[in-house]
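What follows is calculated from the coordinates using simple rules that are stated; it is not laboratory data. Note that the structure is predicted; figures quoted are calculated from it, not measured. All Cβ positions, even for glycine, are placed from backbone atoms using ideal geometry, and neighbour counts span all protein chains on display.
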Amino acid sequence: MLNDQTDLKVAISADTRERVLRAIAELGYEPDARAQSLRRGHTKIVGVIMPVIKNPFFWQIFSGISDALQEAGYSLHLSHHSRDSQQEANTIRELMRQRVDGFILLAAVKYLLPGLSEYLRKVGWPVVEITATKAEFDHVAHGYSSGTRTLMAHLLELGHRRIGFIYGVTEEVQGA
């Protein structure tokens, strides 16, 4: 009844249904997502792993991922690791403990260690890489490298010669 099922084994009268729905509203009841995921066999949560969290380019992609997941009725669990092999392994294990339904790996370059790539392939969960380099899983290629080259060519064409690249944001170094 709470999940709008119409093929219940026990008939529920319209009056009983209305009383239960009214009590739910009055009490502010929210179903337990963990219990629902056990029954359904999936969580409707996707794990997004981003190794470079200070780069605005990746936050724009992340925003698009978040919007698309929300439209599809999914939530996301964002994890970060800084290219440390132990932290990478812990991140994957933790997301698997959370019972995510799949992974999105967001990176400028290939960053998963071979052992973890093999592990993800072995467990058979869906994995999508968003990367500018060769991918091991289903992937979407982004133009981070070509966009950076275009930006640098433009700045050089304008006569700028002392250019700093900080956390993925290109800016001219003032007074240096």
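Highest average first, the peptides 70-78, 151-159, 127-135 ordered by how many other beta carbon atoms sit within 10 Å of their residues are 127-135, 70-78, 151-159. Taking amide H as placed 1.01 Å from N in the peptide plane, SER75 has its amide H under 5 Å from the amide H of ILE45, VAL46, each at least 5 places away in sequence or on another chain. A crude spin-label estimate for the pair GLU30 and ALA68, with each label 7 Å from Cα along the Cβ direction, gives 2.7 nm. Compared with the alpha-carbon gap, the fully stretched path from ARG161 to TYR119 is longer by 10.6 nm at 0.36 nm per residue.
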